[in-house]
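Every read-out reported here was derived from the displayed coordinates using simple, explicitly stated rules and does not represent laboratory data. Fair warning: this is a prediction, and the values are worked out from it, not measured in the lab. With ideal geometry, Cβ positions are generated from the backbone for all residues, glycine too; neighbour counts draw on all protein chains shown.
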Amino acid sequence: MNPVNYLYLAALLFTIGAVGVLIRRNAIVVFMCVELMLNACNLAFVTFSRMHGNLDGQIIAFFTMVVAAAEVVVGLAIIVSVFRSRHSASVDDASLMKL
Amino acid sequence: MDNLIALLIAAPLLGAAVLLCGGRRLDKTGHWLGTLLAAVSFATAVALFADMLGKGADDRAMHQRLFSWIPVEGFQADIAFQLDQLSMTFVLLITGVGTLIHVYSIGYMEHDERRRRFFGYLNLFVAAMLLLVLADNYLLLYFGWEGVGLASYLLIGFWQHKPSAATAAKKAFLVNRVGDIGLSIAIMLMFTTFGTFAFGPVLASAENATEGKLTAIGLMLLLAACGKSAQVPLQSWLGDAMEGPTPVSALIHAATMVTAGVYLIVRSADIFNAAPDAQLVVTIVGAVTLLFGAIVGCAKDDIKKALAGSTMSQIGYMILAAGLGPVGYVFAIMHLVTHGFFKAGLFLGAGSVMHGMNDEVDMRKYGGLRKYMPVTFITFGLGYLAIIGFPGLSGFFSKDKIIEAAFAKGGTEGWILGAVTLLGAAVTAYYMTRVMLMTFFGEKRWQPDADGRPPHPHESPKSMLVPMILLAVGSVGGGAVFEFSGFTEWLEPVTGFDHGHAPISAAAVTAATVAVMVIGVGLAYLQYGRKPVPVVAPRGSLLTRAARRDLLQDDLNHAVFVTGGTHLTRSLVYVDHTLVDGVVNGTAASVGGLSGRLRKLQNGYVRSYAVSMLGGTAVLIAATLLMRAV
């Protein structure tokens with residue numbers, strides 16, 4: 001199978017993720033969309049690694065996973081504490097930082 | 001002997017310090033201390049003079065260096081004194097007349113509870129004036145110059161409870177300040193030109209500098225002289241300065257301080273000799289002031305202000321003579337000394353008259369005083385004869401020489417200056433005769449003073465009469481002594497001397513001087529001697545009314561500087577409000593407005609930030625791709 005197809009898939013996943021971040025309000029869904037974008041990137045990295053025949057992309061993919069895991073921890077903690085204090089998981093409600 | 005020079009200054013300076021810091025416990029004895037220390041200074045001066053006479057003409061100059069004042073690399077200012085023939089002449093005049101006026105003040109200020117302070121200021125003045133004439137560099141001279149300005153300010157405003165005196169003091173201080181700026185600029189110019197401001201090097205190398213620079217220095221020195229010596233256009237303070245006690249008017253505003261400008265110009269002779277344009281301006285200033293002061297003197301009814309106009313006019317003579325170059329320097333100084341005698345004497349006489357007349361100064365309310373104050377009448381009369389140039393008296397010799405020197409300048413200028421000095425001599429005779437007739441002759445026009453007390457004219461105490469008599473002796477004999485004892489040879493090593501070539505003979509000049517004097521006296525006699533003097537001043541001609549207002553000097557200053565300054569300030573405020581504030585406020589408003597708009601982007605919605613990030617990333621990628629394609 002042509003590896004380029006994986007790239008199309010990665011692009012499709014990334015787009016879905018990006019659109020989800022932009023249009024969804026539920027913080028959990030937005031978070032999942034972010035994860036989707038990260039994984040789309042991972043897929044693209046691995047694909048390129050395969051296409052070019054070196055391991056750099058795969059190593060980067062592992063780094064991405066570590067960073068994503070750390071980010072999930074912090075992000076979920078923030079979401080939970082926001083939910084606790086405001087009883088809402090909508091990102092539009094958490095707009096107190098504006099002037 | 002050289003080390004005695006510092007004592008000249010130290011004695012009165014000590015007096016000033018003790019009297020001003022000593023407090024009330026010195027109230028009883030302070031005036032004696034002040035007078036004694038002035039006399040010590042005079043005695044030292046006489047001793048130095050005797051020593052100087054014993055030496056040859058060329059090595060008479062003495063020097064004393066006390067310490068280095070501002071020791072900076074390339075800028076050496078020393079506290080050092082130089083006593084040459086010119087300084088010696090001044091020192092004798094200052095300490096001599098100064099001591100006499102100290103003695104006079106003991107009687108004159110007897111009833112003033114602040115007499116101790118008065119003597120402290122007088123001593124301060126004497127010290128500063130001696131510093132001025134003894135300094136061996138321009139910077140130290142400037143120090144003394146400011147010192148006499150300070151003393152003059154303090155003494156004009158001595159009766160500061162009178163608003164007029166306080167205002168007059170401030171006016172004198174401010175006008176003098178304009179002149180002082182001239183002196184400081186001149187010193188700076190000297191430093192940049194010659195790299196030093198000591199008299200010796202500056203004057204010796206004056207010829208090496210360009211004429212433009214020398215002219216600039218000369219004009220700045222002249223500005224300084226105009227301020228201190230009340231010459232046009234900085235003359236307006238002298239008339240008001242008569243608000244001070246009369247001994248002050250005699251010492252500071254007639255005999256010594258106001259002549260500092262003449263000293264400055266004569267001291268800087270080498271600079272002026274090499275800058276003919278500056279010299280010409282000096283003579284013009286002198287000639288204008290000579291007539292200006294004389295005309296003002298003719299119209300004033302206040303005896304002290306009439307004498308102040310006369311002082312201005314006589315200093316105009318000296319400045320004119322100093323502007324003539326080596327032909328005139330010696331005679332400027334000679335007239336300065338004789339003027340110091342007779343004008344101090346006249347002022348002391350005026351003070352004596354005021355003392356007997358309940359401090360009335362309006363001559364229209366005097367009249368017939370010669371019988372009541374015979375000594376004052378005789379001493380004042382001798383001073384009067386001296387100033388109008390009565391043959392044989394001191395003013396005759398000195399003024400005659402200046403008129404001769406003015407003619408000797410040569411060319412059209414010589415004729416014009418000669419004519420002006422002759423005209424000045426006639427007007428001098430006129431206004432002095434007027435003062436004499438209105439004060440001592442005619443009918444009694446006495447009026448009770450503000451408290452309703454009628455005046456009881458009486459002769460003043462001895463402490464006042466003795467100085468007046470001694471000054472009268474000086475007024476009578478001074479000129480002849482100078483004329484026949486070789487004053488010219490005495491000063492020549494310092495100032496240089498040149499006989500010049502007068503287009504008319506000396507005898508003709510003398511005859512003309514005497515003739516115009518007789519005309520002036522005669523005119524005044526016709527106007528004030530034969531007709532009774534009205535108590536209320538008649539309205540007078542346009543010129544008289546202008547002269548009563550000091551020839552509109554204050555109105556001119558008001559129109560040009562006060563009104564002009566107000567308008568300048570207003571326009572500057574307008575520019576500040578519209579332009580400067582406009583730019584500043586406009587910048588602030590536009591930044592504020594812009595940030596108000598930009599603020600809207602920060603709406604707090606995560607999703608809109610995500611859109612901005614996406615958009616930004618897209619732009620970055622597009623730009624990268626575009627760059628690569630290019």
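Can you work out the PRE-style zone for residue B:46? Point 7 Å along Cα to Cβ, and I want the residues of segment B:1-17 with backbone N under 18 Å.
B:4-5, B:7-9, B:11-12
Suppose R0 equals 30 Å. What FRET efficiency, 1/(1 + (r/R0)^6) with r the Cβ-Cβ distance, do residue A:56 and residue A:8 give to the nearest 0.05? Mind showing how you got there, number by number?
Details: r = 22 Å, r/R0 = 0.72.
About 0.85, to the nearest 0.05.
Treating the beta-carbon of each Lys and Arg as +1 and of each Asp and Glu as -1, no other charges, what is the dipole magnitude of the protein assembly as shown about its Cα centre, to the nearest 20 debye? Could you put the intermediate results ahead of the total?
Working: 51 positive and 46 negative charges, 534 e Å.
I would put it at about 2560 debye.
Pull out the extension gain between residue B:569 and residue B:443, defined as 0.36 nm times the separation in residues minus the alpha carbon to alpha carbon distance; nm, one decimal. Intermediate results must be reported in sequence, preceding the final value.
Details: separation 126, 0.36 × 126 = 45.36 nm, distance 5.37 nm.
Between residue B:569 and residue B:443, full extension yields an extra 40.0 nm.
How far apart, in nanometres, would the label points at residue A:66 and residue B:473 be if each is projected 7 angstrom from Cα along the Cα-to-Cβ direction?
Label at residue A:66, label at residue B:473, 11.6 nm between them.
Could you let me know the centre-to-centre spacing of segment B:419-454 and segment A:41-55, using Cα atoms, in angstrom?
120
Search the structure for amide H atoms under 5 Å from the amide H of residue B:62, placed 1.01 Å from N in the peptide plane, and list their residues when 5 or more places away or on another chain.
B:83, B:84
With r defined as the distance between the Cβ atoms of residue B:608 and residue A:28 and R0 fixed at 25 Å, what FRET efficiency is calculated, to the nearest 0.05?
Efficiency, from the Cβ-Cβ distance: 0.80.
Given H placed on each backbone N at 1.01 Å, which residues far from residue B:77 in sequence or on other chains put an amide H within less than 5 Å of it?
When sequence neighbours closer than 5 places are left aside, the close amide H contacts are B:69, B:70, B:72.
With label points built 7 Å along Cα→Cβ from the Cα atoms of residue A:85 and residue B:203, find their separation and express it in nm.
That separation, rounded to one decimal, is 8.9 nm.
At most 10 other C-beta atoms within 10 Å and a DSSP loop state: those are the exposed GluC sites (Glu not before Pro) I care about. Give me the longest piece of chain B that has none.
B:114-442
In degrees, nearest 10, range 0 to 90: what is the angle between the Cα axis of helix B:211-229 and the longest Cα principal axis of chain B?
Tilt relative to chain B: about 60 degrees.
Listed here are the pairs B:365/B:401; B:300/B:462; B:343/B:371; B:401/B:462; which of them are more than 32 Å apart at the Cα? Kindly include the intermediate steps, with their values, before the conclusion.
Values: B:365/B:401 37 Å; B:300/B:462 30 Å; B:343/B:371 23 Å; B:401/B:462 36 Å.
Result: B:365/B:401; B:401/B:462 exceed 32 Å.
Report, to the nearest 10°, how far helix B:606-629 tilts away from the longest principal axis of the Cα atoms in chain B, using its own Cα long axis and a range of 0 to 90°.
Helix B:606-629 sits roughly 90 degrees off the main axis of chain B.
How much length is gained if the chain between residue B:423 and residue B:277 is pulled fully straight, taking 0.36 nm per residue apart and subtracting their Cα-Cα distance, in nm to one decimal?
50.1 nm
Treating cross-link reach as a plain straight distance, find the lysines whose alpha-carbon is under 18 Å from the alpha-carbon of residue B:162, omitting any fewer than eight places away in the same chain.
Output for residue B:162: B:170, B:171, B:304, B:305.
Want the number for residue B:24 to residue B:480: 0.36 nm per residue separation, take away the alpha-carbon distance, what's left? Provide the component values of the computation, followed by the final result.
Details: separation 456, 0.36 × 456 = 164.16 nm, distance 4.59 nm.
Additional length available on full extension: 159.6 nm.
Within segment B:4-51, list the trypsin sites (Lys or Arg not before Pro) lying in a DSSP loop whose Cβ has at most 14 other Cβ atoms in a 10 Å radius.
Of the trypsin sites (Lys or Arg not before Pro), the ones in loops of segment B:4-51 whose Cβ has at most 14 other Cβ atoms within 10 Å are B:28.
Give me, ordered by chain and number, the residues 5 or more places off residue B:137 or on other chains with an amide H under 5 Å from its own placed amide H.
Distant-sequence amide H within range of residue B:137: B:199.
Just to check I understand the Karplus step: with θ = phi - 60° and J = 6.51 cos²θ - 1.76 cosθ + 1.60, what whole-Hz values come out for segment B:186-200, glycine and proline as x?
4, 5, 5, 4, 4, 5, 6, 7, 9, x, 7, 10, 6, 3, x
Once you have a ≥ b ≥ c as the square roots of the Cα gyration tensor eigenvalues for segment A:4-86, tell me rounded if a/c is under 1.5, and otherwise prolate or oblate according to whether a/b is larger than b/c.
Oblate shape, in that a/c is at least 1.5 and b/c is the bigger or equal ratio.
Rounded to the nearest Å, what's the spacing between the alpha carbon centres of segment B:68-141 and segment B:503-578? Just the number, please.
32
Roughly what angle does helix B:564-575 make with the longest principal axis of chain B, taking Cα atoms, 0 to 90 degrees, to the nearest 10?
Rounded to the nearest ten degrees, it is 10.
Which aspartates and glutamates, on any chain, are close to residue B:444 with Cα under 14 Å apart, when same-chain ones fewer than 8 places away are left out?
The reachable aspartates and glutamates, counting only those whose Cα sits under 14 Å from residue B:444, are B:360, B:362.
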